[in-house]
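Have a look at the structure below, then the notes.
The values are calculated or read from the model by the stated rules, or taken from the named source; none is laboratory data. The structure presented is a predicted model; accordingly, all values stated were derived computationally and were not measured. Counting neighbours? That spans all protein chains shown, and the Cβs are built from the backbone with ideal geometry, glycine included. Quick note on the areas: whole protein, heavy atoms, side chains included, nothing else; ligands and nucleic acids left out. Shrake-Rupley method; radii C 1.70, N 1.55, O 1.52, S 1.80 Å.
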Amino acid sequence: MAGERWATFDCYGTLIDWNGGIRRELARIFGEERADEQLERYHDVEPALEADGSRSYREVMTEAMRELGAGDDEAEGLASSLPSWEPFAEVRSALEEARGRGWKLAILSNTDRDFIEASMQRIGVPFELAIVASEIGSYKPAHRHWERFFEQTAAARERHVHVAQSHFHDVTPANELGLRTIWINRRREQRDPPPTRELPDLARLPATLDELVP
């Protein structure tokens, strides 16, 4: 509907502590002293495995672990741990407040349906829909998530805001599509192009959404 206000979100890194979840598993397998180094390598390996859109996210994670040197008996451990990953502390209250202000919420995620369902349960706030990579054969930064979102909702682009931590996967492609963006810059990075707004976490998200779409 034309009058509705929509906020779409990336999930992992934005709502769920993605780095924390991955690092714990890397420390378990490779040792605490190698965990940070392996986490940086994981950031490089994962996008390459997602590029053609043919793998499920479970397969991406498992193959990434193999490339980092995990044995066959450990390679599936990362994917198995994902449903236990926790949301950031401020997420639930921020999303509840946004909903209370009339915002409709959706997730656009580079993941699988079972993973996103488990994570939405952890978050504990209703979403109108979730679009996942394994069901559309495409991973962000490709544009298909947003295209599918607008197809399914008929949302008005001028009353929509995309919220995400990953500049590469989310902010850049959303900018390419001419969409308003809020970059949740938890890692204090310096990146171009600039988002519409930048926040360190979701604490001020509801007010910022209302500033962008009154």
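Checking a compactness column here: for the chain, what do you get for Rg(Cα) / (2.2 N^0.38 Å), N being the number of residues?
Against the empirical 2.2 N^0.38 Å value, I get 0.99 for the chain.
Among 107-114, 33-40, 154-161, how do they line up by average Cβ neighbours within 10 Å per residue, starting with the highest? Could you put the intermediate results ahead of the total?
Working: 107-114: 22.8, 33-40: 14.4, 154-161: 16.2.
Result, highest mean Cβ count within 10 Å first: 107-114, 154-161, 33-40.
Roughly speaking, to the nearest percent, how much of the chain's 1.4 Å accessible area is carbon and sulfur? Each step should come with its number before you reach the end.
Working: 4240 of 9290 Å².
Roughly 46 percent, rounded to a whole number.
Report, in whole Å, the centroid distance computed from the Cα atoms of segment 49-88 and segment 18-42.
The distance from the Cα centre of segment 49-88 to that of segment 18-42 comes to 12 Å.
Nearest 500 deg cm²/dmol is fine: what mean residue ellipticity at 222 nm does the chain get from its DSSP H runs of n ≥ 4 alone, each adding -39,500 (n - 2.57), divided by its residue count?
Values: 10 runs with 97 residues, N = 214.
Result for the chain: -13000 deg cm²/dmol, rounded to the nearest 500.
Please state the charge dipole magnitude for segment 1-128, taken about the Cα centre, from unit charges on C-beta atoms (+1 on K and R, -1 on D and E), reported in debye and rounded to the nearest 20.
660 debye
Using only Cα atoms and rounding to the nearest 10 degrees, what angle (0 to 90) does helix 18-30 make with the longest principal axis of the chain?
The helix 18-30 is inclined about 0 degrees to the chain.
What GluC sites (Glu not before Pro) does segment 166-214 have in DSSP loop regions with at most 13 other beta carbons within 10 Å?
Filter output for segment 166-214: 189.
Reported to two decimal places, what Rg/Rh ratio describes segment 48-169 when computed on Cα atoms with Rh from the Kirkwood expression?
0.99
State in Å² the accessible area per residue of the chain; use a 1.4 Å probe, count heavy atoms of protein chains only, and round to the nearest integer.
Per residue, the chain has an accessible area of 43 Å².
Might you report the magnitude of the Cβ-based charge dipole of segment 67-152 about its Cα centre, with Lys and Arg at +1 and Asp and Glu at -1, to the nearest 20 debye?
Roughly 640 debye, rounded to the nearest 20.
Run the numbers on the chain and let me know its relative contact order in percent, using alpha-carbon pairs under 8 Å that are six or more apart.
25 percent
What size of dipole, in debye to the nearest 20, comes out for the chain about its Cα centre when the only charges are +1 on Lys and Arg C-beta atoms and -1 on Asp and Glu C-beta atoms? Please report the intermediate quantities before stating the final value.
Details: 27 positive and 40 negative charges, 180 e Å.
So the magnitude is around 860 debye.
Using +1 at the C-beta of Lys and Arg and -1 at the C-beta of Asp and Glu, which of 35, 77, 182 has the Cα lying farthest in the positive direction of the dipole of the chain?
182
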